[in-house]
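Please treat every number below as a calculation from the coordinates, not as lab data. Note that this is a predicted model, so its numbers are computed, not measured. Cβ atoms come from the backbone with ideal geometry, glycine included; neighbour counts cover every protein chain shown.
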Amino acid sequence: MLGKTTSAIAASALAAAGLLAWSTPVAAETAPQAAAAVPNCVTTSLNDSGATDYLTVYNDCDDNLRIKVLLAYGPDFSCTTIAANGRMSYQWPWPSRFDGLQEC
């Protein structure tokens, strides 16, 4: 008799877990907005062939832009203003790698 009770409890627990797995998380409603993408007039040149990576960000836009360089496996750079038709250079050591740009 104990075996049937244990099986019934286990089946109930699995059914409840299945229902919870299909429910929408409440946190998704309050998740932060995605990072702002940079305009198409911003381009990059990356040299990642050595132990230090070098990145140049070119702002070919008509306005100044605040840009943040995102790194994987390392701290992101702070937001920096790049003048219209200007450029900014960055460097970092391995194992960090370039992971994208974000407009601030």
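For the reader, a short list of remarks on this structure follows.
- Cβ-Cβ FRET estimate between Asp48 and Ala84, R0 fixed at 22 Å, reported to 0.05: 0.20
- Packing-based ranking, highest mean first, of 43-52, 89-98 given that Cβ atoms within 10 Å are counted: 89-98, 43-52
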